[in-house]
């Protein structure tokens, strides 16, 4: 069976930019307990968010979910012809037998392991296994990244429409911002950033959507998203 034709990722394994901090293959980390041959790749967290979510790269079924003193919390997903493994998760993942879809959250990036045996920073160790043998997942991830930005105008407009609808209540003042954004929102309100009056100020995502909503109202829904 041709490996390349049997493996296709439809999502990155994290809701963050693709940042590989340790590649597949031979390595010397200098960390006691770490392997010298890396059977996967390490992905860095999103430094702009308090937590980075781990995602399913394709449809499948959770084959294993367990704790290992060196690997920490581990989740293994059986896809059609291959498996993906995520380790050092912050919490125990989904139970074995759970079906997952592309892009579904399967855990949170962490640094779990027995600290007496292995101490690591927050990251995701991600493995791709074909026929029980680990292979380098990087080419398949880069293919996803290339496709990620190849959106049609209709798809872009649909994304904007979805964002506006999802935060409709919030942008109309009917709800509060997320807990992590509350401090930013209070500061932004006091300094006039939330209404777009300070265009050089740094904005949270919710502040940006608020200004998009104002633009949406200004130019009309037909020309904005239809």
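The values are calculated or read from the model by the stated rules, or taken from the named source; none is laboratory data. Note that the structure is a prediction, hence the values are computed from the model and not measured. Because the Cβ atoms are built from the backbone with ideal geometry, glycine has one as well, and the counts that use them run over all protein chains shown.
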Quiz item: Out of the residues in the range 77-93 that are in a strand (DSSP E or B) and touching a residue at least 24 places away in the same chain (Cβ under 8 Å), which is farthest from residue 52 (Cα to Cα)?
Solution: 83
Quiz item: With (1) in a strand (DSSP E or B); (2) within 28 Å of residue 6 (Cα to Cα) as the list, and residue 96 as the residue in question, which single condition is left unmet?
Solution: (1)
Quiz item: Quick one: in the range 79-105, which of the residues that are more than 19 Å from the chain's Cα centre (by Cα) and surrounded by 15 or more Cβ atoms within 10 Å (Cβ to Cβ) is farthest from residue 126 (Cα to Cα)?
Solution: 98
Exercise. Could you please let me know if residue 141 is assigned to a helix (DSSP H, G or I) and at pLDDT below 60?
Key: no
Exercise. Collect the residues in the range 54-70 that are in contact (Cβ under 8 Å) with a residue 12 or more places away in the chain and surrounded by fewer than 18 Cβ atoms within 10 Å (Cβ to Cβ), keeping them in residue-number order.
Key: 59, 61, 63, 64, 67, 68, 69, 70
Quiz item: Taking the range 1-48 as the region of interest, how many residues are modelled with pLDDT under 75 and in a helix (DSSP H, G or I)?
Solution: 3
Quiz item: Does any residue of the range 49-62 turn out to be at pLDDT 95 or above, assigned to a loop (DSSP other than H, G, I, E, B) and within 17 Å of residue 132 (Cβ to Cβ)?
Solution: no
